[in-house]
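The values are calculated or read from the model by the stated rules, or taken from the named source; none is laboratory data. For clarity, every value in this text was computed on a predicted model and none was experimentally measured. Cβ placement follows ideal geometry from the backbone for every residue including glycine, while neighbour counts extend to all protein chains displayed. The area values use the complete protein model at the heavy-atom level, side chains included, leaving out ligands, DNA and RNA. Shrake-Rupley method; radii C 1.70, N 1.55, O 1.52, S 1.80 Å.
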Amino acid sequence: MPEKNSDPKQPVESHAPAEPKLRKLDAHSLRGLAHPLRIRLLGDLRLHGPATASQLAERLGESSGATSYHLRQLAAYGFVEDAPEHGKGRERWWRPAQDGTQFDEALMYDTDPATRGAAEVFMAEIVKIHEQELSSWLGEAHTWPLEWRRSSELSDFSLQLTPEQSHELVLKVHDLINSYRDLPPSEGTETVRFHTHAFPVRTK
């Protein structure tokens with residue numbers, strides 16, 4: 001509940017959560033991103049913050065030459081940019097240019113086979129990353145405090161919905177998650193990953 005303002009002449013301040021800065025993929029930008037290492041480099045920078053090509057290479061088990069090349073490609077397509085405030089000497093630091101990526105399902109049905117192929121690569125890599133993150137959590141859950149284990153979530157639901165209702169529900173879930181984006185810092189916070197999957201299945 002918002003606090004009441006004792007001075008009627010002064011407006012009550014309201015704080016709306018900041019909308020994340022998203023990059024909506026089109027056919028051109030999708031082809032620039034649809035490479036497994038580029039997707040992982042971008043995801044790592046968004047999760048862990050600015051880093052050098054060497055640091056990313058060590059974390060992802062790649063050569064620094066490969067990470068350096070693909071970071072430059074990501075920069076050419078506007079997905080990453082220099083982080084000069086972190087640089088020391090000739091060290092080049094990178095940061096994500098946006099908070100997230102928005103995928104348009106229409107790209108899966110594009111008339112250009114190259115665009116459809118890039119869309120398939122992109123979606124397959126996202127599924128693989130989700131699987132790996134869930135497997136990693138299951139493997140290390142015992143190392144986390146009990147309150148965090150109780151606060152994790154692995155559930156699935158089956159609902160009878162129209163396409164419009166499913167889309168509406170997805171947007172409501174996104175809005176709810178984003179409403180927690182700018183909470184004030186507090187003791188005990190950790191980075192929490194939320195995966196949302198919604199798709200129809202044939203039952204007959």
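A few points about this structure:
- Residue count for region 117-133 under the criterion of being surrounded by 15 or more Cβ atoms within 10 Å (Cβ to Cβ) and without any contact (Cβ under 8 Å) to a residue 40 or more places away in the chain: the result is 1.
- Residues of region 134-154 classified as open to solvent by 60 Å² or more (accessible area, probe 1.4 Å), touching a residue at least 12 places away in the same chain (Cβ under 8 Å) and in a helix (DSSP H, G or I), total: 2
- Single unsatisfied condition, E105 versus (1) charged (D, E, K, R); (2) closer than 18 Å to I39 by Cβ; (3) under 18 Å from the mean Cα position of the chain (by Cα); (4) surrounded by 11 or more Cβ atoms within 10 Å (Cβ to Cβ): (4)
- When residues of region 155-204 are limited to those that are more than 18 Å from the chain's Cα centre (by Cα), β-branched (V, I, T) and more than 26 Å from H48 (Cβ to Cβ), the one most open to solvent (accessible area, probe 1.4 Å): T203
- Just one residue in the set R59, R90 is surrounded by 13 or more Cβ atoms within 10 Å (Cβ to Cβ), without any contact (Cβ under 8 Å) to a residue 60 or more places away in the chain and basic (K, R); that residue is R59.
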